[in-house]
Amino acid sequence: MTFGEYIRQAREALHESDRAFSLRQVATRIGVEPAYLSKIERNIFPPPSEEAIVKLAAILGEDQDVLLAMAGKMSTELQQIIIQRPKLFGELLRQLKEAPDHAILRVVREVKDGEW
């Protein structure tokens with residue numbers, strides 16, 4: 001599923017129970033024209049800026065990192081983290097590329113818990 005399709009489905013699902021999720025109202029809340037958001041949802045235009053995606057994620061109740069990844073982008077925050085230690089993070093990501101989800105979650109828990 002493309003970024004635009006995903007956004008459209010998420011927005012329309014919310015719109016079924018809450019009129020505040022019309023295309024026009026969501027576009028206004030993220031600071032873009034309704035026609036522009038419509039073209040994004042229909043995959044005529046590429047995904048918007050990081051700022052607009054972050055706002056869209058908050059409005060739709062979605063994870064901003066997931067939406068950014070679907071858009072082929074990465075948050076400025078994550079970029080800065082990687083830039084601080086590019087060699088280490090590059091190697092970590094390469095090693096985790098084929099790891100199953102449960103193994104990655106275990107690594108995340110260990111880091112979160114501070115168990116070195």
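The values are calculated or read from the model by the stated rules, or taken from the named source; none is laboratory data. Computed from a predicted model, the values in this text were never measured in an experiment. As a convention, Cβ positions derive from the backbone with ideal geometry for all residues, glycine included, and neighbour counts pool all protein chains shown.
Annotations for the structure displayed:
- Val26 vs. criteria in contact with a His (Cβ under 9 Å, 6 or more places away or on another chain), part of a helix (DSSP H, G or I) and modelled with pLDDT of 95 or more: yes
- The residues of region 62-96 that are closer than 30 Å to Arg29 by Cα and either touching a His at 6+ places or on another chain (Cβ under 9 Å) or free of Cβ contacts under 8 Å to residues at least 24 places away in the same chain (or both), listed by number, are Asp63, Gln64, Asp65, Val66, Leu68, Ala69, Met74, Glu77, Leu78, Gln79, Gln80, Ile81.
- Among the residues here, Glu41 qualifies as surrounded by 14 or more Cβ atoms within 10 Å (Cβ to Cβ), at pLDDT 95 or above and within 16 Å of Met1 (Cα to Cα).
- In region 1-23, the residues that are surrounded by fewer than 13 Cβ atoms within 10 Å (Cβ to Cβ), assigned to a loop (DSSP other than H, G, I, E, B) and not acidic (Asp, Glu): Met1, Ser17
- Residue in region 48-59 that is more than 19 Å from Ser75 (Cβ to Cβ), assigned to a helix (DSSP H, G or I) and in contact with a helix residue (DSSP H, G or I) (Cβ under 6 Å, 6 or more places away or on another chain) present: no
- Qualifying residue in region 75-85 (condition: over 30 Å from Arg8 (Cβ atoms) and of a type in the set (Lys, Arg)): yes
- Residue within region 11-33 that is within 16 Å of the chain's Cα centre (by Cα) and polar (S, T, N, Q) present: no
- Within region 60-77, being assigned to a loop (DSSP other than H, G, I, E, B) and loosely packed, with under 15 Cβ neighbours inside 10 Å holds for Gly61, Asp63, Gly72, Met74.
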